[in-house]
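Enquirer: The structure is given below, and queries will be raised subsequently.
The values are calculated or read from the model by the stated rules, or taken from the named source; none is laboratory data. Every value quoted in this text rests on a predicted model; they were computed, and no experiment measured them. Ideal geometry is used to build each Cβ from the backbone, glycine not excepted, and the neighbour counts take in all protein chains shown. When the accessible area is computed, the model is the full protein with side chains, heavy atoms only, and any ligands, DNA or RNA have been set aside. Shrake-Rupley method; radii C 1.70, N 1.55, O 1.52, S 1.80 Å.
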Amino acid sequence: MRRFAAVVVLLVLAAPLAAQQQRGRPNRAALRQMVIERFLQTFHDEAGLTPDQDQKFRDVFRRAMQQRQDAQEHEQGLWRALEAQMRPGVAANADSVNKLLDGVIAARSAQVELLRTENQQLAQFLSPVQRAQFAIMWEHFQQQVENVLRRRMQMRGGAPGPISAGPVPQ
């Protein structure tokens, strides 16, 4: 569990470090990649993956992670559009609101389908125990990131609302 804390600290520090970036220092994307690599290595060690399993896992993980990120960005766009419709003192367009709400529900359903697909892909080369280890480790990792980000927002005077890290792969 301490390994997760180190990974989370790296992830949370990535944004401030990127803002303070100087020549020769890694940028935000590089720091994010380092954190992900650390998580992948931790899972590899904990689950006892063979080299073949590790390569297949990394391929599925990276592809699924990109799909989750794209789906999350799409959903966030829908929420922003919905919030724009719901401005105080401005009449909302009922048809637009209805379409946006349907879009949010469809986006969430798509994320569940992504999770199901990823789980099916992982089942081709990971044992059920290894898949469970991954699901638990990923869930803990995301919870720690959310907690640290929430605390940072509160310290900066930001709203302590929920922070979505996307669905948990299984």
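Enquirer: So what is the accessible area of region 39-112 per residue, in Å², with the probe set to 1.4 Å?
Expert: On the way: 4480 Å² over 74 residues.
On a per-residue basis, 60 Å².
Enquirer: By the gyration tensor of its Cα atoms, with a ≥ b ≥ c the square roots of the eigenvalues, what is the shape of region 16-131: rounded for a/c under 1.5, prolate for a/b over b/c, or oblate? Intermediate results must be reported in sequence, preceding the final value.
Expert: Working: a/c = 4.32, a/b = 1.52, b/c = 2.84.
Here region 16-131 falls in the oblate category.
Enquirer: Toward the positive end of the charge dipole of region 21-98, about the Cα centre and with charges on Cβ (Lys, Arg +1; Asp, Glu -1), which of P51, M34, N98 goes farthest?
Expert: Going by the charge dipole, the pick is M34.
Enquirer: Please label the shape of region 86-159 as rounded, prolate or oblate, based on the square roots a ≥ b ≥ c of the eigenvalues of the alpha-carbon gyration tensor (a/c under 1.5 means rounded; beyond that, a/b larger than b/c means prolate, else oblate). List each step's numbers first, then the result.
Expert: Working: a/c = 7.13, a/b = 1.44, b/c = 4.95.
Because a/c hits 1.5 or more and a/b fails to exceed b/c, region 86-159 counts as oblate.
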